[in-house]
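The values are calculated or read from the model by the stated rules, or taken from the named source; none is laboratory data. On a predicted model such as this, the values are computed, not experimentally measured, just so you know. Here the Cβ positions follow ideal geometry from the backbone for every residue, glycine too, while neighbour counts run over all protein chains shown. Note: accessible area is taken over every heavy atom of the protein model, side chains too, but ligands, DNA and RNA are not part of it. Shrake-Rupley method; radii C 1.70, N 1.55, O 1.52, S 1.80 Å.
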Amino acid sequence: MLQNMTEGKPLSLIIPFMIPLLIGNVFQQFYNIADIIIVGRTIGVEALAAVGGISPLFMMVMMLSIGLGNGFAVITGQRYGAKDMAGVRRSIGSGTVLSVIIVCMIMLGMHLSIDYLMVMMNMPAELVKDARDYVMIIVDGLAFMMAYNYLSAIMRSLGDSKTPLYFLIIASIANIALALAFIIYMGWGVPGSAYAMVLAQGLSGILCIGYIYHKFPDLHLTVSDFRITWDEAWAHLRMGIPMGLQFSVIGLGIMVLQSVCNKFGGEQIAGFTTAARVEQLAIQPMVSIGISMAVFTAQNFGARKFDRIREAAKKCSILAFWYSAAAAVLMFTFGKQIIGIFLDNPSEGVMHAAGLYIVYSVPAYLFFSQMFIYRNACQGMGISAVPFCASSIELLMRCGAAIILGDMLGYLGLCLAEPIAWTSGSIFVYLSYRYFVKVLEKKYTALE
């Protein structure tokens, strides 16, 4: 069901909205682990290496589609908060047209550049075929991925975070089942995993369309809703492109960190990869709080209720602080035991490398959580330049620290890269939020 977040206590609205997001994000992380296990254990080490080697490129494409969908949906949420249902329909129609155009451009660009990209990524010759087949199948099915990401973002922008979770669970189960069927019973190898992902994404997109059509007559679009104007296109692109680039920048940062890590040897690579995977689970509540803050802010910005935005940001900041402290205690106390779940008889070197990463990254969780809250608050108010600039600062600091400190301090320098990036980004977005919320409130108060 749709939810109006412009009335009621902020946390009593944000926390119930956040919980399905959190479950979905954690579920997605576990699914990613399961997908890797399927490929590695059913096909072999080389197949796993091919999928893993090309995954940063796939991740950049995937995160671009997620960013675009969420950026376009900010406009939808603002209009819903302003109770402009005609504007909501125009937003959905315009976002759909723009999504189709951008997907076609990405597909064309990937087909023209994939061979050059494979060379740039130093892909071993024996892995090139499987890696290329895997990523291009997913690229050719990018429309399905974009459909789910955009439609689920629309539902969240209107206050419904539960339904996208249900569809994510259904699609993830279908993905695993199809991957097992295609790889084990049909013998399709690595391409079977890619086909499974594309079909599962297609299923989730169809479920979203069917649900929206049958449950929300007010959102039924007409031909006129798809007649995009320059003003509509610009309103959506100025939010979608910076957010899409913001998500892609994250993928680029991962590629740089992995390339630096590869210089330090097998034990450090295994330890770093495992600790980073555990960390992805640990930070999901902070990510979910941030996404919830974006939806809440967008609706209340549309209703011009700046006092509610301030109250929500303050309370979410306090909530994130206490979670960060609890996560730090948990990781310091049980970090090695948690890491042991992911590895079979890990060596002392691997455990030392993983533990070292945790020791230096966990204290910076506070900065990470504040960065997500205030960055998404700015995004919800339509200040798209702030999230993009923050992501760029993160990228520069992360890559610079990894490369420079990696040369100076070795593996320890790599472990310092994320804390430095999070601290820099959080300071920038907090100061930006404080400035823009005052400026926008003054502007719209004067207009009234």
*Give Ser432, Ser392 a once-over and let me know the one that is under 20 Å from Val260 (Cα atoms), among the polar types (S, T, N, Q) and part of a helix (DSSP H, G or I).*
Ser392
*Which listed residue is surrounded by fewer than 24 Cβ atoms within 10 Å (Cβ to Cβ) and within 17 Å of the chain's Cα centre (by Cα), from Leu180, Leu207, Leu203, Leu165*: Leu165
*Do you know which residues across the range 140-154 are assigned to a helix (DSSP H, G or I) and surrounded by fewer than 21 Cβ atoms within 10 Å (Cβ to Cβ)?*
Asp140, Ala143
*Look at the range 360-408 and say how many of its residues are surrounded by fewer than 19 Cβ atoms within 10 Å (Cβ to Cβ) and closer than 21 Å to Gln284 by Cβ.*
2
*Taking the range 80-93 as the region of interest, how many residues are in a helix (DSSP H, G or I), modelled with pLDDT under 85 and open to solvent by 10 Å² or more (accessible area, probe 1.4 Å)?*
1
*How many residues are among the aromatic types (Phe, Trp, Tyr), in contact (Cβ under 8 Å) with a residue 12 or more places away in the chain and closer than 29 Å to Ala298 by Cα if we restrict to the range 154-195?*
1
*Residue by residue through the range 94-139, note down the ones that are open to solvent by less than 40 Å² (accessible area, probe 1.4 Å) and of a type in the set (Phe, Trp, Tyr).*
Tyr134
*Out of (1) open to solvent by less than 40 Å² (accessible area, probe 1.4 Å); (2) within 24 Å of the chain's Cα centre (by Cα), what's the single condition that is false for Leu431?*
(1)
